[in-house]
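A short write-up of the structure that comes next.
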Amino acid sequence: MGIAHEEADLRELLVERRLSGGIRTVRRQSLAYAHKMLKGDLDNTFGLEDWRTAAIDEVVAAVEAGIGDRITDGDPELGYIAPEHTLAGIRAHADALAPFLRDGGGTVLLATGHPTGLLDHYADLARALRNAGNGIVRVLDDHRLDRAVGAHAAGETGIRFFGGVACAFHDEAILHTHRPDYMEAMIAAVAGGGARIDLVIADHGMAGAAIAAGLHTLSIADANDIALFLAHARGRHEPVLPIEDNFTPAEFAPVTAYMLRRAAGIAV
């Protein structure tokens, strides 16, 4: 199967599964999150400071550039990400992965604040990167943070790695979190040990903290992950993969498979 035909099939699947095209995340919610970010809400700033100097018009334009939809227009109870923008993000992530899969020798940190959807994707990338001779950062595994994060009491929330991927946890459960605290702690630990991070692959506050630290970051963003689109529009990082993130991991598996095939093909 040629690459063009394979990509056409992937586009059809993205729309069918509502990962792109008409998505579950509605414009009303995305706009509400944009206003929360502009007020400095910690669950929506993702550890980035761009909100301090932004206005709503710039934010809406940044989201439109990222997803191909203007969240102030159209039916507020519908959501949309242009499939072409999603495909461009998948290609860009694959292109960025290709040198690591070809040459090895890199140091990569993978982390997710949305483990119920994205953990399998990152774990598959971690496996491919490790097999190609890259080091997968596994710092502060089972570490408890010494400060409160959101609704979770200090000393009870921390970091654990699953399949080479950092996740936040509280008691016996891994967490869905937008907070940057976990990534900030890991970056500080790596720097304190004199090591480097060549690439971060992440989402939500895990990505935001890495971008704020100036690290090369591949991020995944739903239509309501406003801070990442604003940072991207301001040239803070490349690239963003815009895609619905409320899905079962099995729905995302073809995206992972295509991304790795493309990256491996470029790496040859």
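The values are calculated or read from the model by the stated rules, or taken from the named source; none is laboratory data. Everything numeric in this text was worked out from a predicted model, so none of it was measured. Counting neighbours? That spans all protein chains shown, and the Cβs are built from the backbone with ideal geometry, glycine included. SASA here: full protein model, heavy atoms, side chains in, ligands and nucleic acids out. Shrake-Rupley method; radii C 1.70, N 1.55, O 1.52, S 1.80 Å.
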task: Can you tell me which residue within region 142-193, out of those that are farther than 24 Å from ILE220 by Cβ and of a type in the set (D, E, K, R), is surrounded by the fewest Cβ atoms within 10 Å (Cβ to Cβ)?
output: GLU172
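Quick grid of which residues meet (1) within 20 Å of the chain's Cα centre (by Cα); (2) open to solvent by 50 Å² or more (accessible area, probe 1.4 Å):
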position	(1), (2)
VAL59	yes, no
ASP75	no, yes
LEU87	yes, no
LEU97	yes, no
ARG130	yes, yes
Wholly enclosed helices (runs of 4 or more DSSP H) of region 1-95 bearing at least 2 residues without any contact (Cβ under 8 Å) to a residue 60 or more places away in the chain: 3-16, 27-38, 56-67
task: Name the residue, out of THR248, THR256, that is polar (S, T, N, Q), within 14 Å of LEU97 (Cα to Cα) and in contact (Cβ under 8 Å) with a residue 24 or more places away in the chain.
output: THR256
statement: The condition of being touching a His at 6+ places or on another chain (Cβ under 8 Å) and either assigned to a helix (DSSP H, G or I) or charged (D, E, K, R) (or both) holds, among GLU238, GLU244, GLU251, only for GLU238
- prompt: If a residue has to be open to solvent by less than 10 Å² (accessible area, probe 1.4 Å), free of Cβ contacts under 8 Å to residues at least 24 places away in the same chain and assigned to a loop (DSSP other than H, G, I, E, B) to count, how many in region 204-235 make the cut?
  reply: 0
